[in-house]
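The values are calculated or read from the model by the stated rules, or taken from the named source; none is laboratory data. Being a predicted model, the structure only gives us computed values, none of them experimental. Backbone-built Cβ (ideal geometry, glycine too); neighbour counts: all protein chains shown.
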Amino acid sequence: MTVDRSLAVFAALNGALAVALGAFAAHGAGPQVKSLLATGAHYQLAHAVLALVCAIWPARNRVVTVAGWLAAAGGLVFGLALSAVALLSLRAMGAVAPIGGLLMIAAWLLIAYAALRTQIDRA
């Protein structure tokens with residue numbers, strides 16, 4: 001099995017950032033920002049895991065690689081946009097969050113396509 005190391009590293013760092021934001025939401029954030037931070041961290045972490053799965057996908061190809069990067073980038077954009085709204089009061093970043101959402105949706109659709117098209121040898 002080959003591993004896309006750059007995607008795996010990016011996914012792992014993305015996951016670490018998501019955990020840090022989630023921990024801050026749970027332990028250090030005020031009530032008004034807690035929900036936004038927690039939501040952003042949740043989606044960011046889930047998509048970091050999806051990106052990691054893509055990095056180790058058994059029959060990895062271009063579709064899976066693109067899906068992994070879309071998942072990682074989408075989760076990061078979404079999480080950071082919500083964090084900017086919550087922590088910096090940058091309301092305009094609320095318009096950026098849906099871009100991350102679209103990237104995440106595209107990643108899942110590409111993974112569905114790849115799963116339908118991939119033939120895995122069964123021993």
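Does Ala97 fit the bill of being over 18 Å from Asn14 (Cα atoms) and surrounded by 19 or more Cβ atoms within 10 Å (Cβ to Cβ)?
So Ala97 fails the test.
Scan the stretch 21-40 residue by residue and report those that are closer than 19 Å to Ala97 by Cα and not hydroxyl-bearing (Ser, Thr, Tyr).
Scanning the stretch 21-40 gives Leu21, Gly22, Ala25, Gln32, Val33, Lys34, Leu36, Leu37, Ala38, Gly40.
Any idea which residue in the stretch 26-56 is modelled with the lowest pLDDT, counting only those that are small (Gly, Ala, Ser) and crowded, with 16+ Cβ neighbours inside 10 Å? Quick ask: steps written out before the conclusion?
Our first condition is that a residue be small (Gly, Ala, Ser); within the stretch 26-56, this holds for 26, 28-30, 35, 38, 40-41, 46, 48, 51, 55.
Narrowing the set further to residues that are crowded, with 16+ Cβ neighbours inside 10 Å leaves 29, 38, 40-41, 48, 51, 55.
Working: Ala29: 87, Ala38: 95, Gly40: 96, Ala41: 96, Ala48: 98, Ala51: 97, Ala55: 96.
This residue is Ala29.
Cβ-Cβ below 6 Å, separation at least six or inter-chain, first residue in the stretch 65-91 and farther than 15 Å from Tyr43 by Cβ, second of a type in the set (Val, Ile, Thr) and surrounded by 20 or more Cβ atoms within 10 Å (Cβ to Cβ): which pairs?
Listed pairs, sorted by first residue: Ala67/Ile111.
Report, by residue number, each residue of the stretch 1-25 that is of a type in the set (Val, Ile, Thr) and modelled with pLDDT of 95 or more.
Scanning the stretch 1-25 gives Val9, Val19.
Quick one: how many residues across the stretch 1-25 are aliphatic (A, V, I, L, M) and surrounded by fewer than 20 Cβ atoms within 10 Å (Cβ to Cβ)? Spell out the reasoning first.
Taking the stretch 1-25 as the starting set, the residues that turn out to be aliphatic (A, V, I, L, M) are 1, 3, 7-9, 11-13, 16-21, 23, 25.
Those still in the list that are surrounded by fewer than 20 Cβ atoms within 10 Å (Cβ to Cβ) too: 1, 3, 8-9, 12-13, 16-17, 19-20, 23.
Residues meeting the conditions: 11.
Looking at Phe10 and the list (1) farther than 22 Å from Thr118 by Cα; (2) in contact with a helix residue (DSSP H, G or I) (Cβ under 6 Å, 6 or more places away or on another chain); (3) free of Cβ contacts under 8 Å to residues at least 60 places away in the same chain, which single condition is not satisfied?
Here Phe10 clears every test but (3).
Read through the list (1) under 13 Å from Ser83 (Cβ atoms); (2) in contact with a Gly (Cβ under 9 Å, 6 or more places away or on another chain), then give the number of the only condition that Ala11 fails.
With respect to (1) under 13 Å from Ser83 (Cβ atoms); (2) in contact with a Gly (Cβ under 9 Å, 6 or more places away or on another chain), Ala11 is out only on (1).
Considering only the stretch 57-89, state which residues are part of a loop (DSSP other than H, G, I, E, B) and either at pLDDT 95 or above or surrounded by 21 or more Cβ atoms within 10 Å (Cβ to Cβ) (or both).
Trp57
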